[in-house]
Amino acid sequence: MIYALTSRKTASPVRKKIARAIQNYDSKAIEEFVTNHTIVHVENAGQQELYCIYCCIPVFTTTARPPRGEHAQNNWHFEHEQSGDRPGECVGKQRQLPLYQRGLGIRNPEGHGCYFLLGCQHVANRHYTDCHTISVTGQTYCHLAISHRCIP
């Protein structure tokens, strides 16, 4: 997860808009949520309390679980605190409304993080200054769906 909520009190309709923007690579919508401080990129997370967009479990920045064969040099994604049915598991992947009241009914993409922050980007024909996401399928793409860096 590259983005996290800055408040657990973020309304479900807003969380759904954020999740859909991420799902659709809608950079304009994502930027609006970043600008109004509803969500924060992993690079700018600092020490504040942060929450999963999909299930509202507290999250933290980490270097853990980089793509196979890679070693993360920076905190490149968010992971869930140890809670839920499976420790660290996003309950947004497991339960839908009404069984889990904070579930969005939108799947949390697995295995993604800020590929630029990973610190060891070596994908052919990519600039090292571009921010890319690596998905669980091994594809890379700009998580803002535009050609500028996510890190100023």
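Observations, loosely collected:
- Within region 1-25, the set of residues being part of a loop (DSSP other than H, G, I, E, B), surrounded by fewer than 18 Cβ atoms within 10 Å (Cβ to Cβ) and not polar (S, T, N, Q) comprises 8, 9, 11, 25.
- Residue in region 33-45 that is surrounded by 22 or more Cβ atoms within 10 Å (Cβ to Cβ), in a helix (DSSP H, G or I) and among the β-branched types (Val, Ile, Thr) present: yes
- Residues in region 48-79 that are assigned to a loop (DSSP other than H, G, I, E, B) and of a type in the set (A, V, I, L, M): 53, 57, 64, 72.
- Hey, residue 106 in a loop (DSSP other than H, G, I, E, B), under 14 Å from the mean Cα position of the chain (by Cα), among the aliphatic types (A, V, I, L, M) and at pLDDT 85 or above or not: no
The values are calculated or read from the model by the stated rules, or taken from the named source; none is laboratory data. Computed from a predicted structure; not experimentally measured. Quick reminder, even Gly has a Cβ in these numbers, built from the backbone with ideal geometry, and neighbours come from all protein chains shown.
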